[in-house]
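Student: Provided herewith is a single structure, encoded as structure tokens, for subsequent inquiry.
The values are calculated or read from the model by the stated rules, or taken from the named source; none is laboratory data. Worth saying up front: this structure is predicted, and the values here are computed from it rather than measured. Neighbour counts are summed over all protein chains in view; Cβ atoms, including those assigned to glycine, are modelled from backbone coordinates with ideal geometry.
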Amino acid sequence: MLALAREAAGLTQKDLATTSGVSQSQISKAENGLAALSEEDADALAEATGVSPHLLSWNDQVHGLGTASFFHRKQHSLSQKALRKIQGQVTLLAMRSQRLAHGLTFESPLSLPHFDLDSGITPAEAAQRLRAHWRCPMGPLQGLIDHAEAAGAIVARRDFDTHRIDAISIWDPGESPLIVLNWSLSPSRQRFVVAHEIGHLVLHEGVPPRDDAEKEADAFAEELLLPRSELQRELVGLDVKRAFELKPYWQVPAQSIILRAEHLGVITQRRSRSLHAYMNKLGYLRRGQEPLEFAREEPAIVNEMVRIHKEEHRYSVQDMVSILGLASPRQLGEFEGDSRDGLRIVH
């Protein structure tokens, strides 16, 4: 837990030694289980890493980026230090979410079934089956995060301090799946990323890593949000103007609509590249800064769990800080916000 807290804070052992005043040798021995920490050293290390001293004694299992439970995008372009920081932040969030859920019973009207790609089903067929399983009407899938949370997932938004990773999803055995979205995503890009992560959860969770996992999750997301049977005719003669006309209705980036047209064979790869070049010239492809954005879908389960503990279970702010292993009440703001009506949590 000390190593996890340190990495989540973006610190090396040397950095932590300088910040905390505890020797690097003592930190190394503590992280490797070779020496116990004194109460004074534990307090200093906890303060330096932004957690409570009690969190350093948690015994939760830590899952890393190399396991089948962790899915991430564009990691090859990030340093190991940056990856470890994000991994640490997501892992701590998963642990804290589990503690928030303790004592609460979730009634999930939907579910996230597993689709076995080795059985011959394609990612697109899996998306079609999930839409049918969720009883989605024709047209855009409204409230994608609502659907994910109604299926038992926990969704959160956090600042990854980089635009190179859009999201990370993790599904520990016996726990709710967790999807953590990069705070910097535009509303339209966020919807596609959520669909992509759902694809990972229903296609790849619990199976050995697949070389084409990212492409498979993209193909799943395209069919989930842009069903071929409904969209194909609308893509004939596609240009940038038409892509932006379709964007507000389907609630995905215009760039995704162009790629969908290419993948469906409605336009050629050459035409797709030409349209992307034009969008790039207009500045629309820089970190997903397209025009005609719409209201962002916001997660609510974490906020609702905090609300129930505070308002109905009468937990004080300090109680919540203690449960979550936070260093100060200010950090509780990351877990609070507006909640939606209709969430099915039985307490």
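Student: Only residues that are in contact (Cβ under 8 Å) with a residue 12 or more places away in the chain, of a type outside the set (A, V, I, L, M, F, W, C) and over 16 Å from Ser229 (Cα atoms): list them for the range 126-141, please. Give the steps one after another, and end with the answer.
Tutor: Looking only at the range 126-141, we keep the residues that are in contact (Cβ under 8 Å) with a residue 12 or more places away in the chain, and these are 126-131, 133-134, 138-141.
Checking which are of a type outside the set (A, V, I, L, M, F, W, C) leaves us with 128-129, 131, 133, 139-140.
Within the range 126-141, just His133 meets the criteria.
Student: Does the range 221-231 contain any residue that is over 15 Å from the mean Cα position of the chain (by Cα), among the basic types (Lys, Arg) and farther than 25 Å from Ala243 by Cα?
Tutor: Initial filter on the range 221-231 (over 15 Å from the mean Cα position of the chain (by Cα)): 222-231.
Those still in the list that are among the basic types (Lys, Arg) too: 228.
From what's left, farther than 25 Å from Ala243 by Cα: none.
No, because not a single residue in the range 221-231 is over 15 Å from the mean Cα position of the chain (by Cα), among the basic types (Lys, Arg) and farther than 25 Å from Ala243 by Cα.
Student: Considering each of Leu34, Leu55, Leu130 in turn, give the residue that is at pLDDT 95 or above, over 19 Å from the mean Cα position of the chain (by Cα), part of a helix (DSSP H, G or I) and assigned by TED's automatic domain parsing to the domain that holds Thr18.
Tutor: On inspection, the qualifying residue turns out to be Leu55.
Student: Continuing with the same structure: Could you tell me how many of the residues in the range 141-158 are over 13 Å from the mean Cα position of the chain (by Cα) and either under 21 Å from Pro208 (Cα atoms) or surrounded by fewer than 19 Cβ atoms within 10 Å (Cβ to Cβ) (or both)?
Tutor: 3
Student: Now for a different question. Within the range 159-204, which residues are of a type in the set (D, E, K, R), surrounded by fewer than 24 Cβ atoms within 10 Å (Cβ to Cβ) and modelled with pLDDT of 95 or more?
Tutor: Passing the criteria: only Arg189.
Student: Among (1) touching a residue at least 60 places away in the same chain (Cβ under 8 Å); (2) more than 30 Å from Ser188 (Cα to Cα), there is one condition Glu298 misses while meeting the rest; what is its number?
Tutor: Glu298 satisfies all of (1) touching a residue at least 60 places away in the same chain (Cβ under 8 Å); (2) more than 30 Å from Ser188 (Cα to Cα) except (2).
Student: Could you grab me the full set of residues in the range 80-103 that are surrounded by fewer than 15 Cβ atoms within 10 Å (Cβ to Cβ) and either among the β-branched types (Val, Ile, Thr) or not in a helix (DSSP H, G or I) (or both)?
Tutor: His102, Gly103
Student: Going by what's in this entry, would Ala217 be described as modelled with pLDDT of 95 or more, part of a helix (DSSP H, G or I), buried (at least 21 other Cβ atoms within 10 Å of the Cβ) and in the same structural domain as Gln251 (by TED's automatic domain parsing)?
Tutor: Numbers: modelled with pLDDT of 95 or more: yes; part of a helix (DSSP H, G or I): yes; buried (at least 21 other Cβ atoms within 10 Å of the Cβ): yes; in the same structural domain as Gln251 (by TED's automatic domain parsing): yes.
So Ala217 passes the test.
Student: Also, I was wondering about something else. Take the range 304-334 and flag every residue that is touching a helix residue (DSSP H, G or I) at 6+ places or on another chain (Cβ under 8 Å) and either of a type in the set (A, V, I, L, M) or in the same structural domain as Glu149 (by TED's automatic domain parsing) (or both).
Tutor: If the condition is that a residue be touching a helix residue (DSSP H, G or I) at 6+ places or on another chain (Cβ under 8 Å) and either of a type in the set (A, V, I, L, M) or in the same structural domain as Glu149 (by TED's automatic domain parsing) (or both), then Met305, Val306, Val317, Met320, Val321, Ile323, Leu324, Leu326, Ala327, Leu332 are the ones that fit.
Student: Does Gln251 satisfy the condition of being at positive phi, over 15 Å from the mean Cα position of the chain (by Cα) and buried (at least 16 other Cβ atoms within 10 Å of the Cβ)?
Tutor: Yes: the conditions hold for Gln251.
Student: List the number of the failed condition for Glu245; all other conditions in (1) touching a residue at least 24 places away in the same chain (Cβ under 8 Å); (2) assigned to a helix (DSSP H, G or I) hold.
Tutor: (1)
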